[in-house]
Amino acid sequence: MSDFQLDITQCEKQFVELDKSKHDRTLFDCGEPQLNHFIKQQAARHMKANISRTMVLASKQLTNGTSAICAFYTITPSAISRKQLPDALVKKLPHYPIPVFLLAQLAVDKQHHGSGLGKITLIKALQHLHSVNDHMRAYAVIVDCLNGNAESFYKKFGFASLGEQNGMVRMYLPMKQLEQLFG
Ligand SMILES: CC(C)(COP(=O)(O)OP(=O)(O)OC[C@H]1O[C@@H](n2cnc3c(N)ncnc32)[C@H](O)[C@@H]1OP(=O)(O)O)[C@@H](O)C(=O)NCCC(=O)NCCS
């Protein structure tokens, strides 16, 4: 992935795959306990199990040679029932589960909230999925929103609601829209 303009001098310029030996996960705090727990306890394990991939934006190196995490996102393939999609869309789709990309996690450390890093992280995640889509097609990107804040954040960037799923609002952005943005 290419460099980007980032006015946050403590962070590196590129997202890289989470590496336990280089990235100190214990310091991360986005203010959302579930996401903090995920990056600290689960992200690396899930990568080892080949069920998701977590990309981090690392801080400049700390004195002990490791880096803190400024922001991260986690992606994984998934599928949704065609019944979850609006009627106008399902007519053209087959009667079996529809492949999608799940943007499973996205968070920014509290120190950097409000500095544009959330937007950059989302754009990087969507660019990543757009490039995966060149090789393996999916219908849309979906997110399951932990709370109203997450919902309003994704709505701002064009995601639309698919209703509730396991107590969380599920939202989606069709791949066709990503094609228009990054194609
Ligand atoms: C949600 C989160 C990623 C936003 O990160 P951030 O760095 O503070 O956001 P940015 O500074 O990049 O904001 C980008 C834009 O989104 C807007 N925005 C930020 N948070 C928003 C929210 N909760 N609702 C609506 N808009 C929001 C900003 O106003 C800004 O708008 P602008 O470009 O018109 O100025 C961050 O607050 C976070 O990590 N929260 C905890 C984890 C979480 O809830 N993750 C969501 C996925 S489950």
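No lab work stands behind these numbers, since they all come straight from the coordinates. Fair warning: this is a prediction, and the values are worked out from it, not measured in the lab. No Cβ is skipped: glycine too gets one built from the backbone with ideal geometry, and neighbour counts run over all protein chains shown.
Partners of residue 48 within straight-line reach, counting lysines whose Cα lies under 30 Å from its Cα and excluding those fewer than 8 residues away in the same chain: 13, 20, 22, 40, 60, 110, 119, 124. Charging the Cβ of each Asp and Glu at -1 and of each Lys and Arg at +1, and nothing else, the dipole of the range 109-183 about its Cα centre rounds to 140 debye.
Taking the chain as a whole, the Cys residues whose C-beta sits 4.7 Å or farther from every other Cys C-beta are 30, 145. Under the simplified labelling scheme, the residue 45-residue 111 pair shows an inter-label distance of 2.7 nm, with each label point 7 Å from Cα along Cα→Cβ.
Every helix of 4 or more DSSP H residues in the chain counts as -39500 (n - 2.57), and over all residues that averages to -7000 deg cm²/dmol at 222 nm. How much FRET efficiency would the formula 1/(1 + (r/R0)^6) give for residue 79 and residue 152, where r is the Cβ-Cβ distance and R0 is 25 Å, rounded to 0.05? Once the sixth-power term is evaluated, E becomes 0.40. Prolate is the label for the range 1-105, because a/c, from the alpha-carbon gyration tensor with a ≥ b ≥ c as root eigenvalues, is 1.5 or above and a/b exceeds b/c.
If both residues of a DSSP beta bridge must be in the chain, then about 90% of such bridges are antiparallel. Among 52, 31, 41, pick out the residue whose Cα is farthest towards the positive end of the charge dipole of the range 11-182, where Lys and Arg carry +1 and Asp and Glu carry -1 on C-beta, about the Cα centre. Comparing the listed Cα positions along the dipole, 52 ranks first. Here the chain is assigned +1 on the Cβ of each Lys and Arg and -1 on the Cβ of each Asp and Glu. Its dipole about the Cα centre then comes out at about 400 debye. Between the exposed loop cleavage positions of the chain, defined as trypsin sites (Lys or Arg not before Pro) in a non-H, G, I, E, B DSSP state with at most 12 neighbouring beta-carbon atoms within 10 angstrom, the longest gap is 1-90.
For the chain, the orientation-averaged shadow of the C-alpha convex hull comes to 11.0 nm² (one quarter of the hull surface). Extension gain for residue 32-residue 161 works out to 44.3 nm (0.36 nm per residue, less the C-alpha to C-alpha distance). Hydrodynamic radius of the range 54-139 by the Kirkwood approach over all distinct alpha-carbon pairs: 15.1 Å.
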